[in-house]
Structure formats: structure tokens, C-alpha cells
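**Student:** The following block contains the structure, expressed as C-alpha cells.
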Number of protein chains: 2
Amino acid sequence: MVRRASSLTVRELVEQLIDDIRAGVVGDQEKKLPTELSLMQRYQVTRYTLRQALAQLSNLGYLYQAQGRGIFVRPQVEEYGMALQDWGGLAAAFQRQGKQLTTKTATITPILAGQAQFQPLKGLLEPTTPLWSVHRQRYLDGQPYLDERSYYLRDFVPKIPPEALFGSLFKFMQAQVPQALGFQDKVLTATIVTPELEKFFQLPIGSPVLTISDDSYFNSGQLIAFSSLNCDFRKTQLFLFKKLS
Amino acid sequence: MVRRASSLTVRELVEQLIDDIRAGVVGDQEKKLPTELSLMQRYQVTRYTLRQALAQLSNLGYLYQAQGRGIFVRPQVEEYGMALQDWGGLAAAFQRQGKQLTTKTATITPILAGQAQFQPLKGLLEPTTPLWSVHRQRYLDGQPYLDERSYYLRDFVPKIPPEALFGSLFKFMQAQVPQALGFQDKVLTATIVTPELEKFFQLPIGSPVLTISDDSYFNSGQLIAFSSLNCDFRKTQLFLFKKLS
DNA sequence: TAGTGGTCTAGACCACGAA
DNA sequence: TCGTGGTCTAGACCACTAT
């Protein structure tokens, strides 16, 4: 018989580890963490569970494990940065850095896919597919930072309350949507400001804009939303951590 | 006693699966793969090994697993695209798409860190650290595509043969370097063309450039190289797949 | 040689989706 | 309800690092 010996799941352990690392509860000054064995005992989990959690943290760039040497915490690069692999909404990510992302302008309109300004990255929608068209302009510490256009499939997201527009739409989706969120495809490109964005960002004509397009899917593989985020290039750095296998 | 029941390691299984999926050997027309149980039997591996491999493929965006439904192959977006999580070598990635990345100009010079045009993303080097300064201009199907400046720490990469400059420096490193490669930090930004790049890309003044900066580390945590890749924004899309759970 | 992380085996229960 | 993937247990051997 298999007993659940620990009270911690992988997900909980990840949260706990992040907190403990931040608080300096585990790890010494040289940013070295205890060995796997110690951590297993400390958190009362099996090696499998521990290593699942460490792998997640490692993929987020929080730490790395070196065979024969130990586990090391990695310094974070911050300053106007977004970690592409980090999860949750943008606002939460910036809040961890002591910055505030606020939405000052937000509109929502029901439209049909044929009227949308762009299509999903993969595949085309029937022109009659009902969508919510959401446009938000967001400010970082009071400065224009992000212009976001997203389209949600009304068939799967019947209602978006206006309050949600000024908070984290991601969290709203996570909580209110009938199925579990699955994954996103993202495409990053550099583009040239449109007259509209030129005004918003107060950029000269022809300036760059960093664009993040993404399609969001349910776990079932059903497309649920697609969006385009245009960022002020002077303020945007996108971080990524990659294992070299 | 634990026996190695299978001849396949996770890494081999990943390669095998990619090949078999491409060749259509596994999976039906609807792009559905057999169940985990079938795959375990087919490749003679345990569930653990199989799932490690599937997780890797899933993180690369090749497939996704839906609880209760099965395993599905995902269509790849291509066309001037680079998968940020994929490339062990750009040239190989493009080759899979039938495109050819060639290096036409390459120079290598020994310098000291104080003379470098930029520093690593994380931390500063002593100005007297000996480096190799490498500059390459690369063409995609004959068109200017990429301007690359990289710096390698001479203490750890004593020699870079000129031939290597025209092939995959990544593969050279992987093969010739004394320690195992570990991970990379990447930062993506949009910038404005410098006069030099303006000429290379034949872009108007003030045009955007998509810049990928990265630091490469040994598994030991030792920095080994840092570089900056400037891409023609008209031809560059960077793909990323992100799980949402 | 001891200690660390990396990999693998074998089996169990859990949760979701489709029939 | 049954089959699927998701999670967890418990233990073994392998490979790299430091001593």
C-alpha cells in the first residue's frame, strides 16, 4: 500500500521553497542549499517529490543543481524585466520586484472573429466565431508600458465582468473558466510603432516596439484566447533561463 | 537488484520519439499518439522513463498530454522562426525547416574584458580577464540575418580553431570544452540599429533590431561565454511554449 | 573514498474525460 | 464505469566532485 507520507505536494513544496529561499531560511551565505537528503528530511517528502519541485525551480532559473557539488541559488536579474517562464500574471511578477502595474484604460466589446485586428498564431478562426475584444493600456509605476489587445472566445468565456479588466485577467480565467488552462504558444517579434502606439508611448516615428503574441489553450487543446502585447522597447527586457541538457 | 530493462535512456527516447513522430510511425491522422501503456511496451521502457521523455517534448512544444484524453502532437509554427527552448545550434534548427544559415564573415581576436563592447548580463568581469572576441555575420538563404558578437573566457576555452567559426560554435563547445555545459541566461530586447548594423541589414536609420543577449555557464556554475545576437527584425520570430498549470 | 546529484525500476493510488 | 494521464512511494545503481 502506498501511503501519502508527506503533507506536501510538489506544488506546495515549490511555493514553500521559494518562500524559504527568499527568507533565507534554507541555504547559507554562499547561496548553497542543503543536500537533497537534508531537504527531504526537512520537508518530509520523498526524493521524487523533492526533485520534481527542484526541477521546476530550476526551469524558472531560481536555482541550479550541480552533480557532485550541490544545489545553488541563482541571483535574479530584475529591472523592467519579465521572466517569460514565470507563471501567473504580469502584475504579480512586477509586484515581486516592488513595481506596480496598473490598468488605466480598458474596454471590452463583443465582436466576431472576422472583425478582429489579427488572428491566432496557429490556425484561422471562422469569421463568425463570437469573441470578446479587450483593449487595455497599462502603466508601470505611472509610466505607459504596455498596450494589450486580446480576444477571448465567447463560447468558452461567456462573461467577463468589468472589474476583472482592471485586475489580472489571467487569474480571472484561471478561476472562472469551466476547464483547466493548459498552455500558451508565444511569439516574440520586434515591430515598428503604429501611430496609435506612438502617442501612447510618446515615442518618435519609426521606433521599435517589442511585441508578444500569444495563444492560450485549455488543457483539452481548445483555443480559448489570443492576444498581442506591445511593450515600450526602452523598458522591456524578457528573461529566459535555458538548460543546456 | 535494479536491472536496466531497456536499452533506451530518456535522451535516446526523446530523439527516437521526435524521429518517429516526424515520420508518422507513431500516432494517427488526428495527431493522436498511443497511450502511455502502448508507448511503454513499444519502446520497452518504464513509465518513469517514458514520462521524462514526454515531459521534455512537451516543454519543447512538440506535444501535450491531456488527462483522461491522451497525448496529442502539436503543429509547429515555422517560417523564419527560432524556438527559444530548442536550438542547440541555430543552423541545425533552420536546417530542419529546409533553410540554410551560413557564416560569411567571422573574426576572432584575443582581448581583455575591459575592451569588450559589453559585459555579461549578470555580474562584472575583472577588466583583465582574458577573452576571445568573436564577431560573425550570418546569412539565411543568402540574405543578411544575424550579427553576432560573443566573448569566450580564454581561461576555459584555450583554443578556438578558425574552422569552428564557420560551423556551430555551440557544438564545438559541447565537444571540446573540459566541463559539461550547464545553462544559459537569456535576455530579449528590442533596440535601434547602430550605423554598422544598418549597413549589414540594409535597414533605414532608426529601425528596430531584435537582440538576444545570453550568458552561458558550465554545469559548475562557472561563466564560460557571453554574447549578443542582433537579428533582422523583419525576419525574426522567436517561439516559446509555456505550460500554464 | 565519501558524498552529491542523475537516472532508473516497479508499483500504487488519484483525478479527469468519455462512453 | 473504465481508461487515460497525474502524482507519489521506496529503493537501487550510476557518474561526477571534492578530499
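**Student:** Spelling out what I want: for every residue of segment B:168-177, take phi, set θ = phi - 60°, compute 6.51 cos²θ - 1.76 cosθ + 1.60 (Karplus), and round to whole Hz; glycine and proline get x.
**Tutor:** So the J values, rounded to whole Hz, are 8, 4, 4, 5, 4, 4, 3, 8, 9, 7.
**Student:** If you add up the charges near residue A:224, with Lys and Arg at +1 and Asp and Glu at -1, over every other residue whose beta carbon is less than 10 angstrom from its beta carbon, what do you get?
**Tutor:** -2
**Student:** Right, something else. Output the Cα-based Rg and Dmax of segment A:10-73 in Å, rounding Rg to one decimal and Dmax to a whole number.
**Tutor:** 10.4, 27
**Student:** Please list, ordered by chain and number, the residues whose modelled amide H lies under 5 Å from the amide H of residue B:112; skip anything fewer than 5 residues away on the same chain.
**Tutor:** Here the answer is B:131, since their amide H atoms fall under 5 Å of that of residue B:112.
**Student:** When all C-alpha to C-alpha distances in the protein assembly as shown are sorted into bins of 10 Å, what percent of pairs does each bin hold, rounded to whole numbers?
**Tutor:** Using 10 Å bins, I get a P(r) of 3, 17, 27, 28, 18, 5, 0, 0 for the protein assembly as shown.
**Student:** List the residues of segment A:192-210 that lose 50 Å² or more of accessible area once all protein chains are present, compared with their chain alone (1.4 Å probe, heavy atoms only, no ligands or nucleic acids).
**Tutor:** Those residues are A:208.
**Student:** How about segment B:225-245: which of its residues lose at least 20 Å² of accessible area in the presence of all protein chains relative to their chain isolated, using a 1.4 Å probe?
**Tutor:** B:233, B:237, B:238, B:239, B:240, B:241, B:242, B:244, B:245
**Student:** Can you list the residues of segment B:164-189 whose accessible area drops by at least 10 Å² going from the chain on its own to the full set of protein chains, with a 1.4 Å probe?
**Tutor:** B:170, B:174, B:181, B:182, B:183, B:184, B:185, B:186, B:187, B:188, B:189
**Student:** Same structure, new question: Can you spot the lysines whose alpha carbon is less than 29 Å from residue A:159's alpha carbon? Ignore those fewer than 8 places along the same chain.
**Tutor:** Candidates past the 8-residue exclusion: A:104, A:122, A:171, A:186, B:242, B:243.
**Student:** For segment B:10-73, what is the accessible area per residue in Å² when the probe is 1.4 Å?
**Tutor:** Here the per-residue accessible area is 58 Å².
**Student:** Amide H neighbours of residue B:193 under 5 Å, at least 5 residues apart or on other chains, H built in the peptide plane: list them.
**Tutor:** B:206, B:207, B:209
**Student:** Further, regarding this structure: Can you work out the Karplus-derived ³J(HN,Hα) for every residue in segment A:135-147? Use 6.51 cos²θ - 1.76 cosθ + 1.60 with θ = phi - 60°, whole Hz, and x for glycine or proline.
**Tutor:** The phi angles translate into 10, 10, 10, 10, 10, 10, 6, x, 9, x, 10, 8, 10 Hz.
**Student:** Got a number for carbon plus sulfur as a percent of the protein assembly as shown's accessible area, 1.4 Å probe?
**Tutor:** Carbon and sulfur together cover 51 percent of it.
**Student:** Continuing with this model, one more query. If you project the alpha carbons of segment A:109-196 onto their three principal axes, what span does each projection cover, largest first, in Å?
**Tutor:** Answer, in whole Å and largest first: 35, 27, 25 Å.
**Student:** So what are the ³J(HN,Hα) numbers for segment B:100-105, from phi and the Karplus equation (6.51, -1.76, 1.60; θ = phi - 60°), rounded to whole Hz, Gly and Pro as x?
**Tutor:** So the Karplus estimates, Gly and Pro as x, are 10, 9, 10, 9, 9, 10 Hz.
**Student:** I'd like the distance between the alpha-carbon centres of segment B:142-175 and segment A:131-168, rounded to an integer number of Å.
**Tutor:** Cα centroid to Cα centroid, the span is 44 Å.
**Student:** Follow-up. Summing -39500 (n - 2.57) over the DSSP H runs of n ≥ 4 in the protein assembly as shown and dividing by its residue number, what mean residue ellipticity at 222 nm do you reach, to the nearest 500 deg cm²/dmol?
**Tutor:** For the protein assembly as shown, the value works out to -7000 deg cm²/dmol.
**Student:** Related question: Am I reading the A/B interface right? What is its buried accessible area, both sides, 1.4 Å probe, to the nearest 100 Å²?
**Tutor:** 4200
**Student:** Once you mark the trypsin sites (Lys or Arg not before Pro) that are in a DSSP loop and have at most 12 other Cβ atoms within 10 Å, what is the longest gap between them in chain A?
**Tutor:** A:70-158
**Student:** Same structure, new question: What net charge is computed for the residues neighbouring residue B:180, neighbours being all others with C-beta under 13 Å from the C-beta of residue B:180, Lys and Arg scored +1, Asp and Glu -1?
**Tutor:** For residues surrounding residue B:180, the net value is +2.
**Student:** Right, next: So what does residue A:196 come to for accessible area, using a 1.4 Å probe and Å² rounded to 10?
**Tutor:** 90
**Student:** Return the percentage of antiparallel bridges among DSSP beta bridges fully within the protein assembly as shown, rounded to the nearest 5 %.
**Tutor:** Counting only bridges with both partners in the protein assembly as shown, antiparallel ones make up about 95 percent.
The values are calculated or read from the model by the stated rules, or taken from the named source; none is laboratory data. Just so it is clear, the structure is predicted and the values come from calculations on it, not from any experiment. Counting neighbours? That spans all protein chains shown, and the Cβs are built from the backbone with ideal geometry, glycine included. We work out accessible area using only protein heavy atoms, side chains counted, and drop any ligands, DNA or RNA first. Shrake-Rupley method; radii C 1.70, N 1.55, O 1.52, S 1.80 Å.
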